Structure formats: C-alpha cells, structure tokens
Amino acid sequence: MNRTRLLLVFGLASGAPTARLPAQCPDGSPPPCGRPAVAPPAASSVAVLYFDARDTADAYLADGLTEDLTSLLGSVTSVQVKAPGVVRRAQQATPGNAPAIARALGVRYLVDGSVRRVGMQVRVSIRLLNGATAIATWGNVLDRTPEELLGLPSVIAREVATRVGGLTPSSAAGALGAVRTRSAAAYDHYLRGNFLLALRSPDGTARAVAEYREAERLDSGFAAAIGRAAYAHAIARVNYYRLPDTPIESLAVRVLAVADRALRRDSTSSDAWMARGFLLAFSNPHTMEGSLQGFERAIALDPKNAEAHHQYAQILNWLGRHDDADRELHVALALDPGRAISYADLGWWTHNRETALAVVQADSAVAFDPASPMIRSLRALARLLAGDIRGALQDAELADRLQPGDILMENALAIVLARSGDTTQARALIAHWAGRTDHFMAIAALVAIGDTAEALDRLERASPDPHIWAALHLPEFDALHGNPRYERLLGALRPPGAVGP
C-alpha cells in the first residue's frame, strides 16, 4: 500500500493540495475556517504516563507501578482514565512533549513520574500536570523501602483522585479498595511477571510463569498472581509456546486447576475467567463447552478489558462467527486504539478473503508494532494473497530473522517461498517440522508445496484442536476443497454451534 493510502487509513492525509490559509476567519477565529471546534477534554480526564526508570533493571518496576496506578484510578467512577496501551503510543510519538500528548489523548491531566534506587530505598518522583500547559498542579517525592512499595500506587491514586475526580480523601480511600497482597516480595515477582508476559515471546512467557509461581509460593492467597499465571499458560497454549515442565498437549487440562484456584480466592478476577475461557476451548475441543461463558464473565466483570474482548473474538472466529468476532475486535480497538494484534486479527480472520482490506488491516498492525514477528508473518500471507510476492517475501524473511526457529515463522516463510516458485528452500524449511501435527501452519506449508497426501495424513493424526476447524477454511487450504478426506475432516472437526460448513 502506498504512503498516501496508509496515511488515509490513519486520518493523517487528505489527498488534497495544501492551500494558503487566511490570517483570520470571518468570525474572528483562527484558521482553518468552518471546521467544528474541538470539544475541550473532560474535567476529570487523566492519562498516566509510563514512569521513567533511571536504571533499565527497574523498567519492570516503573511499568508495574504505572499500570497499577492506572488500574486503581480506573476503579474510581468519577475519573476518566486512558488505557495504558494508547498512552504508551502517544508517549512514544511525542516523547517529553506533555501538551502534545494531552492533545493526542484528549485529556485534561497527565500523571508522570520516575523511579530510581537511592541506597536501600526506591525513590518515586510524581507530578500531576495540567495537560495544556505542562504546569504541575501537585507533585511529591516519595522514598519507600521495597516492603513499602505495596501501598504506593494507592497513596498516589488517592492524591490524584481527590484533585481530578473531586473526591474527598476518605471517599477516595474507600473507592480504591484493598491491597492484593501483603508480601512485598510476592508483589515484586508479580510485577516482573507482568513485564515479561507483555513481551509476548516464548521465552518471556516461560519466565513470566516462573515469576507468578514464585509470587504464589510467597503468598498462597495472591489471587491476581494466580489468575495471571493461568492466563500466561493460556497464552502459551494458543501461541504454541512450549513451557519447560508442561507438555503443550496436556497444558490446558493441567492448568485449568490454576484458573479455578485463582477463582476460589477471587471470583471477580477478570484475568482468571479469561484464562478459564481459553483453557476450556482446548480442554473440550469437540464442544468448546464453557469457553464462551468464561469470556463473557470476564467481560461482564471488566467491560474495559480490551484483552478480554480481543481474545473472545478469537473464540468466536474459531466458531466461524466472524461478524461477532469483528465487533469484539472493534470494541478492543475502541478501548485501546492502536492495538496492533487486533488489527492483525481483523485482517487474518474476519477479512481473509477480502484481500485489499486484509492488507490495509495488516499495514495498520505493522505500523503500530513493526518489530512483531507474528504480525510480520501475518502480513506476509495477506500480501501473498493480494499478489504482492516481493512484499510477502520481505515480511516473511524479516519475521524469520526476528524469531528464528519458530514453527509459525518458518512455515509462513515456506508458504511464501513455495508460491514464489522456490520449492527447494520451502521444502528445506518444512523438513525442520517433520511429522509435527500441532500447528496448522506446518500443515498449510505442505499444501503450498503440493504434498496434499501428507497434509491430510497429519490432519487425521492431529490431536483435537478447536483452532484447526476454522483454519481449514482459510485460503491456505483452498487446494484441498473437494477432496473427500478434507470434507470428512471438516465434518468431524466441526464444533457444535459453529457457523459455516
């Protein structure tokens, strides 16, 4: 897609030539004339900027305090808080320019801060800024021992809520609830786990699981850490990440107990319900019983959980309910504009046969997260469908360099190579995954080189997987249409309640 078209997607170009503007409009307002005035931001609107860590080793702590503070302020009904994802992107677009960030986010206030170690203590400098002027309306420097960090987000949230939301100190304290754990060490491991899980990589997810387990070992009642551990396992299962001590084939059944343990401690945990919904899809692959209900419960508990809306869309897509999935992905994007993976899923599932639109969605995903190997590989396949073999090769090769030795990246590259005529290199990559039946992309690569018999053999040997029935409807499997074995597989794998053949 050319630059002008991409800019149009993001509303950054009009396509019209630039005209000379008058010095003043007839009504005395500044140009351009006739454009509706932008409404001022709501008086109680605020964005919590990601704290600066003076030492990179403390990046997990700075991010964790930022996200905890955002979550706490989000629980105060009189305060309007921007989602962390959109805040991070605005910060990256105009670093250090508070008025520009506030305008981009449409908020009246910004909270910024920094974290650094001073001897045995952690020093957190915090300011509440007027977004239009970047003038601080409140600020403080708080020195805390590691043990005292537990209550720090609540302390800051109370100060901000009283100034932004118009609450009294006592009502702010009541609205912000209780501390989730009383173990400072458990809290530290929880924040480290969150930082690692956000990397969305095989190694990061495995290390996050270890951090959450340690947090639970230190505080067996730490429901947030247990729920996040269950969700990290669910992320590993859906992305085919192999964890050191949990075989992927039995991961869902074994980890359901972790989600249930979290819910026994806190039945209102949106993370735990979201994990349970994912894990039930894999534990009950023929029926997916309980999966939809798990996600619906997660969303009912936290309607602003963009991740829950996004992952609910995955389940709906697996059932062929693409229109419903499309709506959920748009809700996720409304809550957190610029979610790269949500744009990627829109292109991959909902619009996989509308090739021009699929490429536009994939371009949007790459624009927001150009370093994601998964998103690059998905755009490679979208470009391939659109006939852009050169662009597809560029993306697929970059994805393979970014995450070498990965089953998705190598087989996506093999598909592109096969379609470009280089079946020799494609076969060499496919050979790395000989006999593997646990990822549909390895089977799609066989179809691409024309080995339909082996592809069908693997599909018939594969363990039940709710993902596979939906994947078999993708264009990568078009060559199998009409094959009696393929048609039988579709019928055998079709979940109850699924839409489509």
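Only the coordinates and a few stated rules stand behind these numbers; no lab work does. The structure displayed is predicted, hence computed values, not measured ones. Ideal geometry is used to build each Cβ from the backbone, glycine not excepted, and the neighbour counts take in all protein chains shown.
What the table below lists for this structure:
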quantity	calculated
Whole-Hz ³J(HN,Hα) from phi, Karplus 6.51 cos²θ - 1.76 cosθ + 1.60, for region 487-496, glycine and proline x	5, 5, 4, 4, x, 6, 8, 4, x, x
Amide H contacts of VAL48 (H built 1.01 Å from N, under 5 Å, at least 5 apart or other chain)	LYS82, VAL111
Residue-averaged 222 nm ellipticity for the chain, from DSSP H runs of 4+ at -39500 (n - 2.57), nearest 500	-17000 deg cm²/dmol
Span from the region 323-372 Cα centroid across to the region 91-108 one, whole angstrom	24
Residue-wise HN-Hα coupling along region 382-390, computed from phi with Karplus coefficients 6.51, -1.76, 1.60 (Hz; x: Gly, Pro)	5, 5, 4, 4, 7, x, 8, 5, 4
Calculated Rg and Dmax of region 392-501 using C-alpha coordinates, Å	13.9, 42
Percent of C-alpha pairs per 5 Å bin, region 272-313, short to long	6, 31, 33, 18, 8, 3, 0
For region 40-53, 3J(HN,Hα) per residue [Karplus equation, 6.51 cos²θ - 1.76 cosθ + 1.60, θ = phi - 60°, Hz, x = Gly/Pro]	x, x, 4, 4, 9, 8, 8, 10, 9, 6, 5, 5, 8, 9
Ordering of 183-194, 242-253 by burial proxy (mean other Cβ atoms within 10 Å per residue, highest first)	183-194, 242-253
Three-way shape label, region 249-382, alpha-carbon gyration tensor, a/c 1.5	prolate
Whole-number Å³ per residue for the convex hull built on Cα positions in the chain	164
Interchain or long-range residues, amide H under 5 Å from GLY131's placed H	TYR109, LEU110
